[in-house]
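Here the structure is laid out as structure tokens; the discussion comes afterwards.
FYI, it's all coordinate maths here, none of it is from the lab. Every value quoted in this text rests on a predicted model; they were computed, and no experiment measured them. Cβ sites come from the backbone with ideal geometry, for glycine too, and all protein chains shown count toward neighbours.
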Amino acid sequence: MANHLFDAIRNSIPSLDAVLIEAEGERIWTYGAMLAWSARFANVLVELGVAPGDRVAVQVEKSAEALMLYLACVRAGAIYLPLNTAYTATELEYFIGDATPRLVVVAPEAAERLAPVAADVGASLATLGDRADGTLMELAEAQAETFADVERQAGDLAAILYTSGTTGRSKGAMLTHENLLSNAVVLKEYWRFGRTDRLLHALPIFHTHGLFVATNVTLLAGASMLLLSKFDVDRVFALLPRATTMMGVPTFYTRLLQDVRLSEPAAKHIRLFISGSAPLLAETHRSFQERTGHAILERYGMTETNMITSNPFDGARVPGSVGYALPGVSVRVTDPATGAALAAGEPGMIEVKGPNVFAGYWNMPEKTKEEFRADGHFITGDIGTMEPDGRVAIVGRGKDLIISGGYNIYPKEIENEIDAIDGILESAVIGVPHRDFGEGVTAVVVRQPNAQIDEKRIMSSLEGRLARFKQPKHIVFVDDLPRNAMGKVQKNILRDQYSGLFAK
Ligand code: MLC
Ligand code: AMP
């Protein structure tokens, strides 16, 4: 039976004994092992009652086994729902309540805490550890290594990825088989991925970048990857001589630049360094080129749209530019208020249409409608310019969003939490330049009259409610927030005022 995405993956297999993954501890996964283990997991899913269209929510550490679970979901026609390992139980409650999965898979040590959350929505609970342990592994051992892939059409859902919203409530972006496949096919060609490529994979696998861009491109190229459990500078330097490509967020590159080991010989074996998920400073691009001889290829994407633009493989990789619309993807820049097209070079809203664009937000038809133009273009919320030749640069954001180390953080969510604390009158959360994370989360807080609350109390109130990476790196207390004539907090003034906080 035809399974839109998995058929393409299967058809790209170079040979069953070709290596797909070298995991830590020198554990090798061949393409044959990928087929066998994704089949075993798919059989487990069926045994646990997961039917086509059911959601499988997964919060586990990065491992080759976790990637097999993703592929098993694709094969079984389930909808894969990966969750950041930093999310707290409180945050998880929302996602699980909203997505009502049939199965929740968590790390063995989290099982007890999350069992009631899964039970609340009638989901089964299974565990998967990062040492090939957990109940899912035990169940899989007993399964067959073959599985009849469930029929899935291009428009069927393959995954839901939650992305935070400007109102503070996360939205589940529904991604179809064709969204994922079309994008991976295009990227593979655009970046010239082939069977001899070995990708240094140090990204998390609960987001588009590490899960779809890195993994699907590798699979469709019949290539292999060196799978690191996380980004670690020493491990990266140890593996660079064996890798041909690396994908990273800008923080990866700034951290490598801070290390004396970064040099032309160290990067000699690499044919392509790719950056995305957050702006790569022109200065980082130039310094990296000076030190290694490599011009980092910057591309631009979004959970809802997969990858949208990319600098060219051949031709100029211009610092500060995200390149051209990918083949088959239409990009335009419009007046944010009216949606009217703007002249070349004028900054405006970046809008996108194509087979890469998602099918809408889970259970939020109204929200979905608001974010599309009548002709089907998705409104990204990013402000950019387009040159007459189609080259795009991102110059700002129309959405109140902080990107820290490649993670999106919506200020509203943090402001809601801070404002709910006793003794707080109001707060404004902003991102200011941060040498390591690009932007550092900063809370500007107004206390209630005579309240004694301090930074420590605020931080302890946020503990357990917000993932660590969302928590402010710095809190400042002020008497009042700057507002415009309409009463809206002027975050631009605050950003200017505190721009030097993390300069050193
Ligand atoms: C970790 N911490 C962060 C953070 N990551 N704080 C702010 N922003 C981040 N991104 C905090 C932890 O909470 C902890 O805090 C401390 O830093 C050390 O934790 P760690 O786990 O050791 O961090 P580290 O491994 O150094 O992680 C940094 C990182 C990681 C940059 C390597 O965040 C990362 O891999 N980012 C990639 C994100 C990504 O893949 N984005 C793609 C989204 S898809 P404390 O206080 O406890 O010490 C997308 C679409 C597209 O955007 O276009 O691709
Ligand atoms: P996410 O919602 O986590 O997928 O993040 C998507 C957002 O990341 C986009 O809307 C952009 O704001 C930002 N982004 C991704 N790639 C780039 C890039 N190369 N340069 C600047 N911003 C980027």
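Ranking VAL105, VAL150, ALA173 by Cα position along the charge dipole of the chain, where only Lys, Arg, Asp and Glu carry charges on their C-beta atoms, puts ALA173 farthest toward the positive end. What does the net charge come to around LEU462 if you take all other residues with beta carbon closer than 15 Å to its beta carbon, with K and R at +1 and D and E at -1? Cβ neighbours under 15 Å give a net charge of -2. Assuming charge only on the beta carbon of Lys and Arg (+1) and of Asp and Glu (-1), the dipole of region 25-148 about its Cα centre is about 340 debye to the nearest 20.
Remind me, relative contact order of the chain in percent, using alpha carbon pairs under 8 angstrom and six or more residues apart?
12
Remark: ARG235, ARG242, ARG198 ranked as ARG242, ARG235, ARG198, counting other beta-carbon atoms within 10 Å and listing the fewest first.
Within region 239-377, the proportion of Cα pairs with more than 27 Å between them is 33 percent. Shape annotation for region 19-150: C-alpha extents along the principal axes are 39, 32, 21 Å, from largest to smallest.
Find out how many positive minus negative residues lie around LEU103, taking Lys and Arg as positive, Asp and Glu as negative, among other residues whose Cβ is under 9 Å from that of LEU103.
Local charge sum for LEU103: +1.
Past 23 Å, Cα to Cα, is the threshold; run LYS369/LYS488; LYS369/LYS399; LYS62/LYS456; LYS399/LYS491; LYS230/LYS456; LYS171/LYS470 against it and keep the listed order. Table pairs above 23 Å Cα-Cα are LYS369/LYS488; LYS62/LYS456; LYS230/LYS456.
Taking 7 Å steps out from each Cα toward its Cβ at ALA316 and ARG113 produces label points 5.0 nm apart. What the Cβ-Cβ distance of GLU138 and ARG10 gives, at R0 = 30 Å and to the nearest 0.05, is a FRET efficiency of 0.65.
Say R0 is 35 Å: what FRET efficiency, to the nearest 0.05, do ASP422 and GLU366 get from their beta-carbon distance? The calculated FRET efficiency here is 0.55. In order along region 30-40, the Karplus-derived 3J(HN,Hα) couplings, from 6.51 cos²θ - 1.76 cosθ + 1.60 at θ = phi - 60°, round to 7, 4, x, 5, 4, 4, 5, 6, 5, 5, 4 Hz, and Gly and Pro are given as x. In region 305-326, which residues have a backbone nitrogen under 12 Å from the label point lying 7 Å from ALA282's Cα in the Cα-to-Cβ direction? Answer for region 305-326: 318-321. Cβ crowding within 10 Å ranks VAL445, VAL186, VAL233 as VAL233, VAL186, VAL445, fewest other Cβ atoms first.
Here is how the number arises for the chain: DSSP H runs of 4 or more residues each give -39500 (n - 2.57), the sum is divided by the residue count, and the result at 222 nm is -8000 deg cm²/dmol. Taking Cβ atoms as reference points and 12 Å as the exclusive limit, the residues near ALA343 contribute a net charge of -2, counting Lys and Arg as +1 and Asp and Glu as -1. Between region 85-125 and region 416-454, the C-alpha centres lie 29 angstrom from each other. Among LEU226, LEU326, the order by Cβ neighbours within 10 angstrom, fewest to most, reads LEU226, LEU326.
Rounded to the nearest 20, the size of the Cβ-charge dipole of the chain about its Cα centre is 960 debye, with Lys and Arg at +1 and Asp and Glu at -1. Along the axis of the charge dipole computed for the chain (Cβ charges of +1 for Lys and Arg, -1 for Asp and Glu, origin at the Cα centre), the listed residues TYR70, PHE231, SER321 are led at the positive end by SER321. Shape index of region 351-504: Rg/Rh, with Rg the Cα radius of gyration and Rh the Kirkwood radius from the inverse mean 1/r over Cα pairs, equals 1.02.
Semi-axes of the equivalent ellipsoid for the chain, computed as √(5λ) from the eigenvalues of its C-alpha gyration tensor and ordered from largest down, come to 35, 28, 23 Å.
Take every DSSP beta bridge whose two residues both sit in the chain; close to 60 percent of them are antiparallel.
For ALA343 and ALA154, a Förster radius of 35 Å and the Cβ-Cβ distance give a FRET efficiency of 0.45, rounded to the nearest 0.05.
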